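The values are calculated or read from the model by the stated rules, or taken from the named source; none is laboratory data. All of these numbers come straight from a predicted model, not from anything done at the bench. Every residue, glycine as well, gets a Cβ built from its backbone with ideal geometry; the counts of neighbours run over all protein chains shown.
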Amino acid sequence: MESKTITRINGVEIPAVVENGETYLPIKQICQAIGIAFEPQYSKIREHFIFGATITIIVMVAGDEKEREMACLPLKYVYGWLATINPGKVAMEARENVEKYCLECYEVLYDHFAGLGRKAQEENQAEIKLLEEIANLSDQSSQIKSEIKEKKEVLSKLRASRLDPQPTLF
């Protein structure tokens, strides 16, 4: 299985491997990168109702260029797992970043579930619809103004003709 480094955290390369169309990341390298013990995290992941059902052992090329079995999570679940890590248990050099990450996760969750993102999207769509309607009415208004001008010209000619005392032969 071919792995590819997707990022480097605190000097530790984090490889990824794609299997059956899903991208997986090894847990151990992430733990090393942020300075937490792998075994407690691995136990916590296995016991979790989502992570435990999705953790997979994949053979990957390790940093020493040898193939090793590695406990991996699908990338889409790594973000959730990282949000469960207690910043007080990570290495000092990673603590601030883990705290920022956790805070950002909480803000994203709040925005999603409080509907702020959805509300903004709905408001944007409503605004676009209104702008399209206004543009349509503006086009119609221009057409109506043009028709009114034509009718006024015909009316003006009719009045001029009616008020003209000169008879016409034809």
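Observations on the model:
- Residues of segment 73-121 satisfying the condition of being among the small types (Gly, Ala, Ser) and touching a residue at least 12 places away in the same chain (Cβ under 8 Å): Gly80, Ala83, Ala91, Ala94
- For segment 17-58, a tally of residues being among the small types (Gly, Ala, Ser) and on the phi > 0 side of the Ramachandran plot returns 2.
- Scanning segment 1-31 for residues being in a loop (DSSP other than H, G, I, E, B) and of a type in the set (S, T, N, Q) gives a total of 2.
- Residue within segment 9-25 that is over 23 Å from the mean Cα position of the chain (by Cα), of a type in the set (Asp, Glu) and more than 24 Å from Glu107 (Cβ to Cβ) present: yes
- For first residues located in segment 4-22 and within 26 Å of Met92 (Cα to Cα) and in the same structural domain as Ile57 (by TED's automatic domain parsing), partners that are of a type in the set (S, T, N, Q) and surrounded by fewer than 14 Cβ atoms within 10 Å (Cβ to Cβ) and lie 6+ apart or on another chain with Cβ distances below 7 Å form the pairs Glu13/Thr5; Ile14/Thr5; Ile14/Thr7; Pro15/Thr5.
- Condition check for Ile36: assigned to a loop (DSSP other than H, G, I, E, B) and at pLDDT below 90: yes
- Residues in segment 48-61 that are farther than 17 Å from Val18 by Cβ and crowded, with 16+ Cβ neighbours inside 10 Å were compared, and the one that is farthest from the chain's Cα centre (by Cα) is His48.
- Elements of type helices (runs of 4 or more DSSP H) contained in segment 62-170, each with 3 or more residues being exposed (fewer than 12 other Cβ atoms within 10 Å of the Cβ): 92-113, 116-163
- Residue match in segment 49-56 (condition: assigned to a strand (DSSP E or B) and in contact (Cβ under 8 Å) with a residue 12 or more places away in the chain): yes
- Every residue from segment 74-90 that is in contact with an Asp or Glu (Cβ under 6 Å, 6 or more places away or on another chain) and within 19 Å of Ile57 (Cα to Cα): Pro74
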